[in-house]
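The values are calculated or read from the model by the stated rules, or taken from the named source; none is laboratory data. Note that the structure is a prediction, hence the values are computed from the model and not measured. Cβ atoms come from the backbone with ideal geometry, glycine included; neighbour counts cover every protein chain shown. Each accessible area value is taken on the protein alone, full model and side chains, heavy atoms only, with ligands, DNA and RNA left out. Shrake-Rupley method; radii C 1.70, N 1.55, O 1.52, S 1.80 Å.
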Amino acid sequence: MTEPNGTGADIPEGFPASPREHLSSPTTRTVLRIQHRMLTAAREYLSAQGFVEMLPPIIGPVTDPGARGAKQIDIDYYGHRYKLMTSAILYKQASLLAFDKIFYVAPNVRLEPLETSSTGRHLAEFHQIDVEVAGASRDDILQVVEDLVRGVVRRVVDEMPDELESLGRDTGAFTELLARPFERRTHAAAVQDLHDIGHDQSPDAEIDWQAEVKLSRKVSHPFFVTDYPKGSRGFYDRESRTVPGQLCNFDLIAPEGYGELCSGSEREHEYGQIVARMRETGENPAKYGWYLQLVRDGIPASAGFGLGLERLTRYITGLGAVWQANAYPKVPGVKSP
């Protein structure tokens with residue numbers, strides 16, 4: 001059950017009436033303790049692998065244009081129109097001028113469509129563990145994702161079983177995740193799977209939200225969807241040099257109906273290719289002056305990803321909705337502190 005919010009959005013069932021109600025809840029405190037342990041594990045793993053943590057910007061002249069269906073937020077920056085970050089992906093590429101392996105724990109703000117208020121999977125303000133590696137291929141970065149997720153899950157299962165039990169989460173749900181590699185399937189294969197179960201997924205578009213859940217419910221183990229078609233993602237996802245029209249990218253889908261946890265790709269890093277892709281996707285290159293100047297002067301080839309912290313927390317803890325994994329949740333369209 002949901003309630004109307006006066007904006008066209010629905011207030012999710014159980015959504016707290018106040019910060020006091022939410023923050024004093026035993027469930028919230030347990031979830032946030034687990035999330036703290038997850039972040040500690042992620043930082044320790046990445047640091048041990050030679051990554052440097054950097055602090056991402058929150059505002060800039062441009063932001064990621066590829067957030068599907070979401071609107072960007074403009075702010076007045078001393079008379080200039082700047083954006084709140086929907087994703088710091090352009091800055092991750094720039095950060096490789098300082099270090100070859102970097103990560104952020106990055107806040108993101110996206111005005112998601114009102115209909116996402118009832119999905120249990122969307123927030124207007126959320127956090128990502130953002131990673132970028134100079135010289136990495138997609139296979140390289142897929143291994144980083146897998147090792148990171150497995151390490152975080154193992155830490156929570158080993159060190160916080162009582163907390164998981166108090167939330168009703170059976171640690172047996174992670175047996176396959178901890179025991180064997182994540183599977184891979186192409187976007188084309190995923191589309192065919194969806195057609196086979198009667199879901200009308202376009203072969204030329206991203207896997208839609210409902211389709212992600214349907215694919216997710218069919219498995220008990222995380223899997224990657226790779227090779228999205230050109231045009232379905234932003235200009236920064238690198239097009240295959242051997243298979244024109246196919247992108248060197250991926251999503252990570254959690255099992256049990258939890259859906260997408262992570263997106264990533266090899267990056268376009270050549271000036272001519274980026275400008276051409278911008279024009280193909282309807283972007284105005286003139287808006288990206290600072291970024292294109294960096295690219296013109298030379299930035300490393302790289303690959304990277306953004307792993308949704310609240311979504312991963314929801315999956316590990318078995319929560320009903322992603323807002324439960326955020327201390328100050330902003331559900332799309334729902335007025336809250």
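Of LYS214/LYS330; LYS83/LYS330; LYS71/LYS218; LYS92/LYS230, which pairs sit farther than 28 Å apart, going by alpha carbon to alpha carbon? Intermediate results must be reported in sequence, preceding the final value.
Numbers: LYS214/LYS330 25 Å; LYS83/LYS330 18 Å; LYS71/LYS218 31 Å; LYS92/LYS230 22 Å.
In this structure, LYS71/LYS218 exceed 28 Å between Cα atoms.
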In the chain, if every C-alpha pair distance is counted and binned at 10 Å from zero, what percent goes to each bin? 5, 25, 35, 26, 8, 1
Restricting attention to the alpha-carbon atoms of segment 1-134, what are Rg (one decimal) and Dmax (integer), both in Å? 17.6, 50
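Report the gain in length on full extension from GLU165 to ASP147: 0.36 nm times residue separation, minus Cα-Cα distance, nm rounded to one decimal. Don't skip to the end; give the middle numbers.
Working: separation 18, 0.36 × 18 = 6.48 nm, distance 2.44 nm.
Gain on extension, GLU165 to ASP147, equals 4.0 nm.
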On a C-alpha basis, how far is the centre of segment 170-225 from the centre of segment 17-64 in Å? Whole number, if you could? 26 Å
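What is the diffusion coefficient of segment 112-270 in µm²/s, taking the Kirkwood radius over Cα pairs and the Stokes-Einstein relation at 10 °C with a viscosity of 1.306 mPa s? Walk me through the intermediate numbers first.
On the way: Rh = 17.0 Å.
Value of D from the Cα-based Kirkwood radius: 93 µm²/s.
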List the chymotrypsin sites (Phe, Trp or Tyr not before Pro) within segment 197-259 that fall in a DSSP loop (any state other than H, G, I, E or B) and whose Cβ has at most 15 other Cβ atoms within 10 Å. none
Between GLU256 and ASP196, the two model label points (7 Å from Cα along the beta-carbon direction) sit apart by a distance in nm of 2.5 nm
Counting pairs of alpha carbon atoms under 8 Å apart in space and at least six apart in sequence, what relative contact order in percent does segment 147-271 give? 21 percent
Pairs of alpha-carbon atoms within less than 8 angstrom and 6+ residues apart define the contacts here; what relative contact order does segment 47-151 have, in percent? 26 percent
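Expressed in whole Å with the largest first, what are the equivalent ellipsoid semi-axes of segment 261-337 derived from the C-alpha gyration tensor as the square root of 5 times each eigenvalue? Before the final figure, lay out each step's value.
On the way: eigenvalues 252, 56, 23 Å².
Computed over segment 261-337, the values are 36, 17, 11 Å.
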Could you state the orientation-averaged shadow area of the convex hull built on the Cα atoms of segment 184-337, in nm² to one decimal? 11.3 nm²
Would you please give the FRET efficiency between ALA276 and SER137, computed as 1/(1 + (r/R0)^6) with r the Cβ-Cβ distance and R0 = 25 Å, to the nearest 0.05? 0.70
Interatomic Cα distance distribution for segment 293-337, bins of 10 angstrom, percent: 22, 30, 18, 22, 8
Determine the principal axes of the Cα atoms in segment 9-52, then give the extent along each, sorted from largest to smallest and rounded to whole angstroms. 43, 26, 13
Relative to a virtual label point 7 Å from the Cα of HIS80 in the Cα→beta-carbon direction, which members of segment 279-301 show backbone nitrogen distances below 15 Å? 286-294
At 7 Å along Cα-to-Cβ for each site, give me the label-to-label distance between LEU178 and LEU114 in nm. 4.5 nm
Expressed as a whole number of Å, what is the distance separating the alpha-carbon centroids of segment 73-127 and segment 300-336? 13 Å
If I fit a long axis through the Cα atoms of helix 26-48 and take the longest principal axis of the Cα atoms of the chain, what angle between them do I get, 0 to 90°, rounded to 10? 40 degrees
Taking the Cα atoms only, what angle lies between the long axis of helix 138-159 and the longest principal axis of the chain, rounded to 10 degrees? 20 degrees
Okay, which of segment 307-323 sit inside 12 Å, backbone N to the point 7 Å along the Cα-Cβ direction of GLU53? none
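Based on DSSP H runs of at least 4 residues, each adding -39500 (n - 2.57), what is the mean residue ellipticity at 222 nm of the chain after dividing by all its residues, to the nearest 500 deg cm²/dmol? Provide the component values of the computation, followed by the final result.
Values: 11 runs with 115 residues, N = 337.
One gets -10000 deg cm²/dmol as the mean residue ellipticity at 222 nm.
If contacts are Cα pairs under 8 angstrom and at least 6 residues apart, what is the relative contact order of segment 265-337 in percent? Each step should come with its number before you reach the end.
Numbers: 51 pairs, mean separation 19.8, N = 73.
Relative contact order for segment 265-337 comes out at 27 percent.
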Taking only protein heavy atoms and a 1.4 Å probe, what accessible area per residue, in Å², does the chain have with all protein chains in place? 44 Å²
